[in-house]
Amino acid sequence: MASTVSDRPGYGQLLRTPGAWTFLLPGFAARQPFAMLTIGIVLLVQHTTGSYGSAGAVAAVSGVSMALFAPQTGKLADRFGQRAVLLPGVLVHAASVSALTVLALADAPMWALFLAAVPTGASIPQVGPMVRARWAAVLGAAPGREASPLMSTAAAFESVTDEFTFVIGPVIATALCTSVHPAAGLIAEAALTLVGGLFFAAQRATQPAVRDTTSTGPQRHASALSVPGVRVLAVAFLGIGAVFGGMQVSLTAFAEEIGSPGANGLLYGIFAAGNMLAGIACGAIAWKTGPRRRLIAGYAALTLTASGLWAVHSVPLLAGLGLLVGLSIAPALISGYTLVEALVPGSARTEAFTWLTGAVALGQAAAVTVAGRLADAHGASTGFLVPLVGTALALVTLLALRSRLHPRASGRTVARGVRHRGPVTVD
């Protein structure tokens with residue numbers, strides 16, 4: 001249950017954390033391009049090839065590449081520092097996006113676009129996970145200790161920021177591609193990544209401490225994925241990715257089926273607004289229940305609301321149900337990210353966040369492909385089965401393996417070479 005308003009750790013208290021603004025503002029600028037990349041690729045490649053299928057395939061390659069390489073980027077950031085990873089990363093990304101843009105405008109064959117999409121996705125700066133790791137560092141979060149009440153607020157704040165990014169990023173990219181030039185969206189994405197990433201990397205004071213690479217013990221090789229709870233959370237976040245991907249494709253197909261393509265923006269906007277509103281509310285509450293129970297409850301609500309999407313055939317009903325689905329996503333996301341603080345040592349925390357972010361991207365890429373094929377073959381309503389199946393499978397996994405979302409007892413190992421003591425509050 002939630003506490004009263006008077007004792008809740010609000011956003012004002014969070015934003016007064018010393019040093020917070022030094023990484024929040026450049027971090028916000030640096031993460032905008034993440035939401036611009038997919039739509040920028042789709043609009044440019046569709047313009048040059050005349051095929052949405054080809055455009056979606058290139059974008060999917062980029063998304064899968066990001067999902068596979070993001071955890072390795074996080075691991076390197078934990079070991080060598082965020083700055084050491086960001087500086088070359090943003091340069092590689094800007095160069096890769098430029099190459100992809102030039103190839104598309106030159107009518108290069110599809111295999112060349114696919115090849116260029118691989119480093120484009122692999123080099124996407126993982127600014128969101130890095131910001132979350134900085135919050136954990138400045139708030140003094142540590143595995144095995146009771147989490148700071150502000151950690152849940154920080155997780156909610158980041159969830160709202162991510163959702164806001166995914167609302168305005170595609171709008172900016174679409175406006176540039178349609179009113180300036182089809183390549184303008186990708187050019188702006190590369191420029192923002194370069195400038196924002198460099199400014200974010202310059203904020204050294206709030207950078208989490210790097211892993212001790214001089215150690216010869218097992219901690220030197222500790223990985224976030226060696227923590228059982230992280231593997232369970234990754235599966236859960238695959239389901240959340242299935243919701244995002246399935247909703248994007250199925251809402252578009254539904255709007256076209258009813259002869260009102262413009263309804264797609266309205267319906268997805270309502271869905272995104274629900275996510276943002278729930279995120280704001282979650283961060284404004286000091287929860288008495290732990291993140292593990294909140295995660296399971298939120299996921300159960302997400303599965304329940306997603307179960308009715310396939311049966312809805314009117315815009316008002318779909319808008320209302322989409323709002324409920326959006327309201328259910330934020331609690332699950334926020335609880336999952338909050339659990340990381342109790343499960344993972346600081347030396348592997350950025351990597352852990354990138355595993356979750358990568359899982360969302362991978363689930364989204366798979367859902368876009370499956371939902372698109374179902375919608376093409378059997379209509380938009382069948383595409384909505386993808387969010388239902390994805391969340392249901394993830395919920396079953398959470399319930400079956402929920403014990404792994406609890407750190408082991410005091411003094412017990414939770415990751416190779418990492419031990420912790422003290423009270424643990426995750427339920």
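The values are calculated or read from the model by the stated rules, or taken from the named source; none is laboratory data. Everything numeric here is computed off the predicted structure, so don't read it as measured data. Here the Cβ is made from the backbone with ideal geometry for all residues, glycine too, and neighbour counts use every protein chain on show. What goes into the accessible areas is simple: the full protein's heavy atoms, side chains included, and nothing from ligands, DNA or RNA. Shrake-Rupley method; radii C 1.70, N 1.55, O 1.52, S 1.80 Å.
Here are the numbers:
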{"item": "Expected 222 nm ellipticity per residue - DSSP helices of 4 or more, -39500 (n - 2.57), all of the chain, to 500", "result": "-25000 deg cm²/dmol"}
{"item": "Of G239, G320, G383, the one that fluctuates the most in a GNM where the chain has Cα springs shorter than 10 Å", "result": "G320"}
{"item": "Once exposed loop trypsin sites (Lys or Arg not before Pro) are cut out (DSSP; at most 13 other Cβ, 10 Å), longest piece of the chain", "result": "17-203"}
{"item": "Backbone HN-Hα couplings from phi across segment 198-206 [Karplus 6.51/-1.76/1.60, Hz, Gly and Pro as x]", "result": "5, 5, 5, 5, 6, 7, 7, 4, 9"}
{"item": "Residue with peak Gaussian network fluctuation, the chain [Cα springs, cutoff 10 Å], from Q13, Q46, Q72", "result": "Q13"}
{"item": "Accessible-area value, I296, 1.4 Å probe, nucleic acids and ligands omitted, Å²", "result": "30 Å²"}
{"item": "Mean Cα-pair separation over length for the chain, i.e. relative contact order, pairs under 8 Å, 6 or more apart, %", "result": "27 percent"}
{"item": "Fraction of accessible area attributable to carbon and sulfur, segment 44-156 (%, probe 1.4 Å)", "result": "67 percent"}
{"item": "Surface share of carbon and sulfur [accessible, 1.4 angstrom probe, percent] for segment 272-316", "result": "74 percent"}
{"item": "Listed residues G363, V232, A209: farthest to the positive end of the dipole of the chain (Cβ charges)", "result": "A209"}
{"item": "Relative contact order, percent, segment 255-373 [alpha-carbon distance under 8 Å, six or more residues apart]", "result": "33 percent"}
{"item": "Heavy-atom accessible area per residue - the chain, 1.4 Å, Å²", "result": "40 Å²"}
{"item": "In segment 296-388, the chymotrypsin sites (Phe, Trp or Tyr not before Pro) that fall in loop regions by DSSP, at most 15 other Cβ within 10 Å", "result": "none"}
